[in-house]
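The values are calculated or read from the model by the stated rules, or taken from the named source; none is laboratory data. These numbers were taken from a predicted model, which means no experiment stands behind them. We place every Cβ from the backbone using ideal geometry, glycine too, and count neighbours over all the protein chains shown. Each accessible area value is taken on the protein alone, full model and side chains, heavy atoms only, with ligands, DNA and RNA left out. Shrake-Rupley method; radii C 1.70, N 1.55, O 1.52, S 1.80 Å.
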Amino acid sequence: MIFEQGIEINASATVVEQCFTDLELMQLWLNPALRCEPIGQWSTAIGGRSRFIIQIPLLKPSLKSVVVERSPGLVVWQFKGFFQGQDRWECRPLEEGTYLLNRFEFTVPNPIVQWGFQMFAARWTSADMQAQLRRLKQVAEREYINSGLHS
């Protein structure tokens, strides 16, 4: 499955990138039911490892991820768990601001989990990605204004 969403943000690509590479800023826009924890030292350099945990009582399913691609304005996390795939975050500078593209591409190896996901969670996942992008936009635009970099 592939979910791809994007949003225009009135902030520089540098500030937008900070919103998905700085762990404290990430916690401001991630779904409140999702927590990101570093495995070792937090890093978005290639090889940086983390765990994304869904806060479902008792279950708390998690995805372990590793950064597999990195360049200015781009981070690609590869993950394994109940999903397997990649989550790509890419800044595309605009004349004024930044276009942020998020591409979540994955498979669900367990056929029962896959059926459940398609029946109950696929629509929610798409809506949640849109909501996260809107929250990230708010964080980035606030950080941009507070940075004094805007004119």
Accessible-area composition of the range 1-100, carbon plus sulfur, in percent [1.4 Å probe]: 52 percent
Estimated FRET transfer efficiency (Leu94, Leu74; beta-carbon r; R0 22 Å; 0.05): 0.90
Mean Cα-pair separation over length for the range 41-85, i.e. relative contact order, pairs under 8 Å, 6 or more apart, %: 30 percent
Segment Glu8-Ala131, extension gain: residue separation times 0.36 nm, minus the distance between their alpha carbons: 42.9 nm
Residues Lys60 and Ile112, FRET efficiency given R0 of 25 Å [Cβ-Cβ distance, rounded to 0.05]: 0.85
From the coordinates shown, P(r) over Cα pairs in 5 Å bins from 0, in percent corresponds to which of (i) 2, 9, 17, 19, 18, 12, 8, 6, 5, 3, 2, 0, 0; (ii) 1, 8, 14, 17, 18, 15, 11, 8, 4, 2, 1, 1, 0, 0, 0; (iii) 2, 9, 17, 24, 21, 14, 8, 4, 1, 0, 0: (iii)
Under 16 Å from the Cα of Lys60 - aspartates and glutamates, other chains or at least 8 residues apart: Glu37
Proximal charge balance of Gln18 [Cβ under 13 Å; K/R count +1, D/E count -1]: -4
Relative contact order, percent, the chain [alpha-carbon distance under 8 Å, six or more residues apart]: 30 percent
